[in-house]
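Values quoted throughout were computed directly from the atomic coordinates according to the rules given, and no laboratory measurement underlies them. All values derive from a computational prediction rather than experimental measurement. A quick note on method: Cβ atoms are made from the backbone with ideal geometry, for glycine too, and the neighbour counts reach across all protein chains shown.
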Amino acid sequence: MVESEKAVLPPCVLFVDDEPHLLSALRRALRAHRPSWNGVFVTSGTEALAYLVENNVDAVVSDMRMPGLDGAALLAEVQARWPGTARIVLSGQADVEAVMAVVRSAQKFLAKPCDIESLLGAVERTLDVRRQLTDPKLRSVIGGIDSVPILSDIYHELVAAMNVREVDLNRIADVIAGDVATTADLLKLVNSAFFTLPREVTSVRTAVSLLGLDNIQALVVAGQVFRVSDELDGRLDVRALQVQALTRAGIARSVAHVEGWPAHERDIAALSCMLRDVGRLVLVEGLPDQADALARDLAARPLTTPAEAAALEREYFGCTVSQASAHLLGLWAFAPAVAHTVAGFPLDPGDDRARRGELVLEFASRCVVDEYVTWPDLTADRARDDHLRRWTQLWTGAGTDARQLAR
């Protein structure tokens, strides 16, 4: 078969479960729904690996507990050998140990029993996210990194906060909220199907409260999510990146507070601003040579607009940092509003359809770049009013109310 013919083949999704009757039922359901991708069904992890060796597979949906090679071991092997292949857990096993076993290698969690519409929707969204990045190398880089890098002092601060006689959950939440990578990992987990929460969680404090100290401690001590990476030493000022992320989130909450946005929209705006650059951590770790070349280029010709920086990111990485961030957030099943807001940065000047979340992300990003504000000032009413005046001047010109544009 020639290369052009291979390119038009529909995506392939490999289902792995040791219960043949479940696979048969799933096969019949897919035949009735006729999805835009092909399903392949195997009954063991060993059989799945044999199929992967001989065929291109876009996503693997695996049960957790199987004899021989279980779901955790299978997905870890898929991540190591075929990092561009999406990885989904479909399992009735929802205990903490089961989550710990797959949280670094799985990108989505679905709990049994799972109705066919939910399963199809999850697979479709996963494949859509993969289509956003067409460069196979870049797709492999993002798919192969199990967790965004985290500073060692954050890890040790979390451990220290938990190893006291009376643990303060608010203190734990503050430590986690102070690190963009830890925030991403925690919210990914708490919003997974394993915890079957009645609503989506977008607040770190709420996540810590709902997840509980035992689960948080298991995550940290086991080192499954909150890991230490040495790959970023000397390549990226992660501390500065964190400060910028917190500052953007603070500006977003300031604007949303003054304008009276609903609580959920405030959380979405702040979360989008905080996680906008999470893809930068992954790209710098996964593509160090390109990251170094980009840093040298930026040092040689300082840029004045987000669009100019985005153009250079595309040149060196094959995508913008915000696109990589949105790709990760989509794989981790964050709210579509968050992923779409992040993916839309920087804004197209000619696009008058931008939602207010995208506008506040652009505004907050420019405020940080231009050093309009500092983090400690964000709680003051005067500072919030000042932010709004600058928001008005930046986006609408003198005499136009920011609220009109934001809505």
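When Lys and Arg each count +1 and Asp and Glu each count -1, what net charge do the other residues less than 12 Å away from Leu22, Cβ to Cβ, add up to? Please report the intermediate quantities before stating the final value.
Numbers: positive: Arg27, Arg28, Lys112; negative: Asp17, Asp18, Glu19, Asp63.
In short, -1.
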For this session: Report, by chain and number, residues whose modeled amide H sits under 5 Å from the one on Phe41, excluding near sequence neighbours (fewer than 5 apart, same chain).
Result: Phe15
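Would region 237-321 count as rounded, prolate or oblate if I go by the C-alpha gyration tensor, calling it rounded below 1.5 in a/c and otherwise prolate when a/b exceeds b/c, oblate otherwise?
The shape class here is prolate.
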Seminar exercise, completed: Here the FRET efficiency for Asp168 versus Glu54, based on Cβ atoms and R0 = 41 Å and rounded to 0.05, is 0.15
For this session: Once you have a ≥ b ≥ c as the square roots of the Cα gyration tensor eigenvalues for region 18-58, tell me rounded if a/c is under 1.5, and otherwise prolate or oblate according to whether a/b is larger than b/c.
Result: oblate
